[in-house]
Each structure stands twice: as structure tokens, then as C-alpha cells.
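The structure appears below as C-alpha cells.
The values are calculated or read from the model by the stated rules, or taken from the named source; none is laboratory data. Predicted, not measured: the structure shown is a model, and the values here were computed from it. Cβ sites come from the backbone with ideal geometry, for glycine too, and all protein chains shown count toward neighbours.
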Amino acid sequence: MVQERHLLDKVWDLTKDLSVKVSRKVEKHWKINTLRVEIASLKQRRSTKFKELGQFVYTSLSSGLSQEEEYKNTIQSFFHELKEVDEEIAERKERIELLEEQFRQMDETAADDEDLDDEDAMAEVDLPPVPDASVVESEGDAEPETKPAPEPKKAAAPAKKPAAKSKPTRRKKTKPEPEAEET
């Protein structure tokens with residue numbers, strides 16, 4: 001009874017450890033995927049800025065360059081905004097790389113700890129050795145008897161399936177030809 005309780009406690013501890021490991025992995029994937037979604041959003045914003053820039057250049061050129069200084073300032077502001085978006089994308093990519101590196105290191109240390117924990121757990125639990133199932137020990141000093149291996153059964157022929165009922169075909173009903181009247 002005491003040993004059973006000890007085993008139940010061990011199972012509970014291992015379950016909690018596994019739960020923590022799973023939640024950490026989920027958190028890792030969630031953080032990385034969130035950053036990837038942010039990158040996709042920033043790329044969309046960059047694409048929109050390029051479209052706006054193209055529209056501005058087209059309308060400016062088609063209407064004529066009446067105010068050249070304003071045109072240059074507007075173009076510079078577009079490129080400045082594009083540069084900021086590109087910097088944000090680069091920053092998010094760096095964060096993803098850092099997170100992946102941190103999680104790789106955590107996984108490596110966790111794997112090392114897990115190996116040590118498994119060895120410690122096995123050392124703590126004193127279970128009687130499991131006898132070989134194919135050898136039955138007899139009482140006394142007699143040699144152990146071995147059970148003969150069961151003879152392989154012949155494979156039975158697969159049961160035949162009943163023939164499928166044929167569905168009636170839908171035939172076009174032809175109208176009876178009117179009989180020619182005799183006069």
C-alpha cells in the first residue's frame with residue numbers, strides 16, 4: 001500500500017512536470033507565431049505605402065510639378081515611413097531568432113535534466129524484478145521448464161461478402177406506337 005502511494009505520488013509529479021513542459025512549448029510557439037503575424041502585418045503596411053507612393057507620384061506627374069519642394073518633402077516622408085517599417089520588420093525577425101535560440105538552449109538543458117531525473121526516479125523506486133514470461137520457474141532445484149511456443153494458426157480464407165443487390169436500371173419508357181387503323 002505504501003509502495004502504491006509512493007508510485008502514485010511519482011506519477012503525479014511526472015504529470016505535473018510534463019504539463020509544465022507542454023505549456024512552455026506552447027508559450028514558445030505562441031510568442032514566435034505572434035511575431036510572425038506582426039511581420040506579415042508590417043509587410044502589408046509596407047506594400048500599402050508603396051502603393052500610396054506610386055499613386056502620389058502618378059498624380060503629381062500627371063498634374064504637373066507646380067510645387068517641387070512640397071513634392072520632394074512628400075517623397076522623403078514616404079521613404080522615411082518605409083524605412084521605419086523595414087526597421088520594425090528587422091527588429092521582429094531578430095526577436096524571433098533570439099527566442100528560438102533561447103528555447104533551443106532551454107530544450108537542451110531540459111533534456112539533460114530529464115535524463116538525470118529519469119535515472120534518479122528509477123533509482124528511488126525499488127520494484128521486484130519482473131520474471132521472464134516465457135520461463136516458468138518450478139519449485140525445488142529442478143531446471144526451469146520452458147513453455148512451447150504456440151503453433152501458428154492457419155490463416156482462414158476471408159469470408160465471402162454477399163453479392164450486392166443490383167439496382168434496377170431506369171429505362172426510358174417508350175410510348176406505344178399508335179396502331180395503324182385499317183380502312
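In this structure, residue 7 does not qualify as at pLDDT 85 or above and closer than 28 Å to residue 101 by Cα.
Restricting to region 7-24, count the residues that are surrounded by 13 or more Cβ atoms within 10 Å (Cβ to Cβ) and under 20 Å from the mean Cα position of the chain (by Cα).
Counting residues in region 7-24 that are surrounded by 13 or more Cβ atoms within 10 Å (Cβ to Cβ) and under 20 Å from the mean Cα position of the chain (by Cα) gives 2.
Among the residues of region 48-63, those that are modelled with pLDDT of 90 or more and loosely packed, with under 11 Cβ neighbours inside 10 Å comprise 51, 55.
For beta carbons closer than 6 Å, sequence separation of 6+ or different chains, a first residue in region 68-86 that is among the β-branched types (Val, Ile, Thr) and a second that is part of a helix (DSSP H, G or I), the qualifying pairs are 85/42; 85/45; 85/46.
Within region 38-70, being among the small types (Gly, Ala, Ser) and under 22 Å from residue 83 (Cβ atoms) holds for 40, 41, 47, 54, 60.
Checked against (1) in contact with a Phe, Trp or Tyr (Cβ under 7 Å, 6 or more places away or on another chain); (2) within 30 Å of residue 27 (Cα to Cα), residue 85 passes all but a single condition, namely (1). Within region 27-44, residues that are more than 11 Å from residue 96 (Cβ to Cβ) reach no partner that is outside any helix (DSSP H, G or I) with beta carbons closer than 6 Å at six or more positions or on different chains.
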